[in-house]
Amino acid sequence: MKATPLSNCERRFLLRAIEERKRLDGRQCYDYRNVRISFGADYGCCIVELGKTRVLAQVSCELVPPKPNRPTEGILFFNLELSPMAAPGFEPGRQSELLVKLNRLIERCLRNSRCIDTESLCVVAGEKVWQIRLDLHLLNHDGNIIDAASIAGIVALCHFRRPDVSVQGEEVTVYTPEERDPVPLSIHHMPICVSFAFFQQGTYLLVDPSEREERVMDGLLVIAMNKHREICTIQSSGGIMLVKDQVLRCSKITAVKVAEITELIQKALENDHKVRKEGGKFGFAESIPNQKITAFKMESAAVNTNNVEEQAEEIITKADPPSEVFAKPILHTPGTAQIGEGIENSWGDLEESEKEEAAEEEGESEATAFECQTMETEDTSTMRETKKDEPIVLSDSEEEEVVILEPQELPRKTRTQTNLKQENTSKKAFNKRRRKKRAAY
């Protein structure tokens, strides 16, 4: 999945803000974001937060045979991973150009600067040495990955403790932390990277660029330096031409920032060592603030439980009596009870408008019924008259057949059927109106 590109409006807005010496997060041009360091339960595990950029560092070790050309030196291995969890633009299992560049820069910063004494990692010359592996995982990407990764890497190396080892003849014994205290690594200095972003061909300069500022920058300058003002590595990317004065100004800013970050790292390591020595709480769970939902910690509040019954009686006596007296519950059947008389059931009752409509329809139905009755009486009277008279005989002679004409009863049946149908349709229409009004209310 590709990262969402910046629109032209956002690009113009960012560049215009940089020209006016303003940044989206409110920082000044040379301001660094807040650095927060938290350690894990094991030695060599830490999380470094540079603003919203988060990097997890984990150091591990094992005994391996040394390299043939360096039989008395230990082996250092560095690995940085960019997972899709940090940003949607990162693809798993693929070596992108950014990942290759970052891995090379970290190796140059930590290995080529000789910050770790590799000869102290030798156990038996030419046979067994310690291999130190540093794994860096980017948890969230909000710009300036290399600075956060370099801080996390050096902090994890300083915090790591390897098992103690003893050699007797050809036998090598590795002691557990319960048998002997682990041994820290021999670290000479702390190289820390500081990034500078250039805009409009080096006209404007920003320290610690964010993710959006990295998208619109023209070039990037990374300087790795320790607190002794020694430059460990320097790298420029983006194809911009930098003047000597610009590089000198960036190196002076780097010296100030590196001194501040080194002091912060030393304080964090001292606090963690002090807490572990005193037996207090340490690790990621203790470093989570209490205001967050993920913290299952609440400050204890003292509750006085003496004389609770007396206080409850005083409150009851001082309280006002209830305004209404409730009736006793009436038990109709097991499982059902009634308190008070309640309100009459209004289900099925009609409103005034419905009553008027029902009265009109009843009047109409009575009128139609009266008409039907009159028509039926007329029919019956005609039938009686025909019965009283003699039947009509149509014949010319005695030999011809005699046909008797009598009144048929079919018309009366049809009239009664039509009346019943009209009554049914009127009742159905009335029921439909009634249901609609109930649903509306």
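Below are the figures for this structure:
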read-out: Ordering of 125-136, 245-256 by packing [mean C-beta count within 10 Å, highest first]; value: 125-136, 245-256
read-out: Nitroxide proxy distance, nm - points 7 Å out along Cα→Cβ at ARG111 and ARG36; value: 3.3
read-out: Prolate/oblate/rounded call for region 11-107, Cα gyration tensor, a/c under 1.5 rounded; value: prolate
read-out: Label point distance in nm, ASN8-SER83, each placed 7 Å from Cα along Cα→Cβ; value: 4.0
read-out: Furthest towards positive pole of dipole, CYS29, PRO71, PRO84, structure part region 1-85, Cβ charges; value: CYS29
read-out: Pairs beyond 20 Å (Cα-Cα), from LYS227/LYS274; LYS257/LYS277; LYS67/LYS128; value: LYS227/LYS274; LYS257/LYS277
read-out: Antiparallel bridges, percent of DSSP beta bridges restricted to region 1-139 (to nearest 5); value: 75
read-out: Average accessible surface area per residue within region 1-149, 1.4 Å rolling probe, Å²; value: 54
read-out: Region 1-126 - percent of accessible surface contributed by carbon and sulfur, probe 1.4 Å; value: 51
read-out: Packing-based ranking, highest mean first, of 140-149, 170-179 given that Cβ atoms within 10 Å are counted; value: 140-149, 170-179
read-out: For region 150-254: accessible area per residue (Å², 1.4 Å); value: 47
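The values are calculated or read from the model by the stated rules, or taken from the named source; none is laboratory data. Everything numeric in this text was worked out from a predicted model, so none of it was measured. Ideal geometry is used to build each Cβ from the backbone, glycine not excepted, and the neighbour counts take in all protein chains shown. Surface areas here come from the heavy atoms of the whole protein model, side chains and all, with no ligands, DNA or RNA. Shrake-Rupley method; radii C 1.70, N 1.55, O 1.52, S 1.80 Å.
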